[in-house]
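Just so it is clear, none of the values below were taken in a lab; they were calculated from the coordinates. Because the structure is predicted, anything quoted here is derived from the model rather than measured. Note that we place each Cβ from the backbone using ideal geometry, even for glycine, and neighbour counts take in every protein chain shown.
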Amino acid sequence: MKYKDIITQIDKKVFKPIYFLMGEESYYIDRICDYISKNILNSEEKEFNQITLYGKEIDVATIVSEARQFPFGSKYRVVIIKEAQDIRSIDKLETYLDNPTPSTILVICYKYKKIDKRKSFGKSLSKKAVLFESKKLYENQIPLWIKSYVKKLGFSIDDKSSKILSDYLGTDLLKISNEISKLILNLNDGEQISPKIIEENIGISKDFNIFEFQNAIGAKNILKSNRIIKHFSENPKNHPFVLTLSSLFSYFQKIMIYHSLKDKSKENVAANLSINPFFVHSYQTAAKNYSMSKLFKIFTLLKEYDLKSKGVNNPSIKDNELLKELTFKILH
């Protein structure tokens, strides 16, 4: 079942005896769990009929014991199990799936991993419980997610700003949502989030960020590239070398894909590179500056400097110097 479907059912007071929430992305697991926690029982009912347990402190027998208890002064009893991935032999819960207590709503939060649906316990969950899998979003899906999330909050964000946030914050949706919450505290209703607002409230420079660095390298703008490197070197905690390498690899990979496309129309390029059409022109420019043969050499350099950052054939050179060396070799 999808996230929206679960929320809609809860709003309609259609409750299921067991919700098994699993997957690599903890954000939606937390959202569903919190929604159930806040919207099934009122404050008075919660005092006697809602309990939260943690995986490291319990076993399956404890879960079943709590789930078998009947509500007091309420139609339902809510039992929430957090960090369920720490429970040993959780598949022993299968016997409870066969005969759950109708008045109990059991919510199991199984984060950062998933149950094998091909095995007996997984099959039982699929048939007898609400089984929700929260999948990690790919890097190229994050800018669109940011735009959608900001819109739901009653604000807007331009394409460049969503790209800046995604490049800086990565794919952690909880981290992204927290930073956006900080941003909108300083906005008027309906105001648009811009690079300037991001810089003023989060500290991500509108001029010195990984997005601008990629564009500078793509355009072979040596002066701008060196200015950004200087900023990165002065702010290493905000711009770790390993993340810069990862971003460069992804960037040049997209340029290589661009070269392989027969149809280089804006729409087709955007679809194949999983980017907003607004950014296609920067990849067109980069492709003119970096031939396929040059790209193969760059990937070799990226691998070499990744190893150097880990100490391989590099006893003493610091990350900021490695970035300078790597950038010089890419640009020249």
- For segment 145-201, one quarter of the surface area of the C-alpha convex hull, expressed in nm², comes to 3.3
- Message: Restricted to Cα positions, what overall size does segment 288-332 have along the principal axes? Three whole-Å values, descending.
- Response: 36, 15, 9
- Considering the dipole of the chain built from charges on the beta carbon (Lys and Arg +1, Asp and Glu -1) around the Cα centre, which of 19, 214, 105 is farthest to its positive end? 214
- Note on the structure: Using alpha-carbon coordinates alone, the radius of gyration and Dmax of the chain in Å work out to 24.7, 75
- Using Cα pairs under 8 angstrom and six or more residues apart, how large is the relative contact order of segment 17-130, in percent? 41
- Would you mind checking 123/254; 135/308; 16/182; 224/266; 2/82; 2/38 for any pair whose Cα atoms are more than 31 angstrom apart? 123/254; 135/308; 16/182
- Message: Under a Cβ-only charge scheme (Lys and Arg +1, Asp and Glu -1), can you give me the dipole magnitude of segment 3-133 about the Cα centre, in debye to the nearest 20?
- Response: 460
- Item | Using distinct alpha-carbon pairs, which all enter the 1/r mean, Kirkwood radius of segment 242-332 in Å | 14.2
- Loop-only check: which trypsin sites (Lys or Arg not before Pro) in segment 241-309 are DSSP coil with at most 13 other Cβ within 10 angstrom? 262
- Task: Quick one: order 197, 229 by neighbouring beta-carbon count within 10 Å, fewest to most.
- Result: 197, 229
- Query: If you average the sequence gap of Cα pairs under 8 Å that are 6 or more apart and divide by the length of segment 145-201, what percent do you get for the contact order?
  - Reply: 44
- Query: How would you rank 248, 295, going from fewest to most other Cβ atoms within 10 Å of each one's own Cβ?
  - Reply: 295, 248
- Size of electric dipole in the chain: Cβ of Lys, Arg +1 and of Asp, Glu -1, about Cα centre, debye, nearest 20: 1000
- Message: Using a 10 Å cut-off around each Cβ, can you sort 68, 31, 77 from fewest to most neighbouring Cβ atoms?
- Response: 68, 31, 77
- Ellipsoid semi-axes in whole angstrom, largest first, where each is sqrt(5λ) of the Cα gyration tensor of segment 198-259: 21, 13, 11
- Note on the structure: Stokes-Einstein, Kirkwood over Cα pairs, segment 3-133, 25 °C, 0.890 mPa s; D in µm²/s equals 167
- Output the relative contact order of the chain, whole-number percent, from Cα pairs under 8 angstrom with separation of 6+ residues. 15
